[in-house]
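Read the structure below first, then the notes.
The values are calculated or read from the model by the stated rules, or taken from the named source; none is laboratory data. On a predicted model such as this, the values are computed, not experimentally measured, just so you know. For neighbour counting, all protein chains shown are included, and Cβ atoms are generated from backbone atoms with ideal geometry for every residue, glycine included. Heads up: the accessible areas ignore ligands, DNA and RNA and are worked out on the full protein's heavy atoms, side chains in. Shrake-Rupley method; radii C 1.70, N 1.55, O 1.52, S 1.80 Å.
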Amino acid sequence: MSQRAAVAPVRRIEQARSRENFPVALRVLPGRYRRHLLALYAYARQVDDLGDEALPDPADRVAALDDIETELRCLYAGHRVTHPVVRALAPTVAACRLPLDPLVRLVEANRVDQRVTRYATFDQLVAYCTLSANPVGELVLHVFGQAAPARIALSDRVCTALQIVEHLQDVAEDHRRGRVYLPAEDLARFDVTEADLARPTAGRQLRELVEFSAERARAWLDAGAPLVSSLHGWGRLAVGGYLAGGRATLDALAVADHDPLRTAVRPRGRRVLHRWLAATVRSAG
């Protein structure tokens, strides 16, 4: 493996335990599921970091992403791999029979990030989410052995919604990185300029745009919510956690008056737990 792919070596599995919200690997899950989810998370974080932070030159980032895809394909071909995150993923690939395609799509999403920094329409943003977000839900369903086509379709709705929610949380941070995930058609509709995204607090028009986008994301979450009741066992519990995290974040945005610029919008743990219990109990009933 080239030095490009080895840049920013990480201890992703250990870091995953403390960096993200609890639904990433619910502590109540049996160890085998936690290990598989953490391995998936470590892989996704490594790919994202190669696309975002590891190298200053976009051409080098693309080369590093090419390297990790090569490692993936070597793994699936039964050849030796050297990248630590891909090696750590190997037992999960084998035990859960993970398909290659969603793992490759996560790489492609980060290639897209090197050449696309703005989206003209909501439909274009949704198409991007088929690469950046939906593969994660599909892989999680495989971890729990419940990846039927109808469930994957519902999962895609949930994951697209979660990606949009994350974009709403990170409007200021994304803008500082030169990226805008609010579609241009929505910016124009609410008379919001990119200069408005660099202000210390959101003006009325931006708050109205964020509220509109949040309600659209909530509708997508609701459309995918039947996924939880279609699952059984630990899969229902875990996916209910992801759904709860999205809904609790939307609640936090509302509490912040839909201003993602003034302060970091993050859901309170108690609110996530409330939403998680509501999702799992309702689906059980």
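Quick notes on this structure:
- Label-point separation in nm, ALA120 to ALA95, each point 7 Å along Cα→Cβ: 4.7 nm
- Label-point separation in nm, ASP48 to GLU215, each point 7 Å along Cα→Cβ: 2.9 nm
- Tensor-based shape of the range 41-143 (alpha-carbon gyration tensor, a/c under 1.5 rounded, otherwise prolate or oblate): oblate
- The range 116-284 shape via C-alpha gyration tensor axes, a/c threshold 1.5: prolate
- Surface composition of the range 25-99: carbon and sulfur make up 49 percent of the accessible area, probe 1.4 Å.
- Taking a ≥ b ≥ c as the square roots of the eigenvalues of the alpha carbon gyration tensor, the range 25-99 is oblate, as a/c is not under 1.5 and a/b does not beat b/c.
- Percentage, to the nearest whole number, of Cα pairs in the range 189-238 over 11 Å apart: 73 percent
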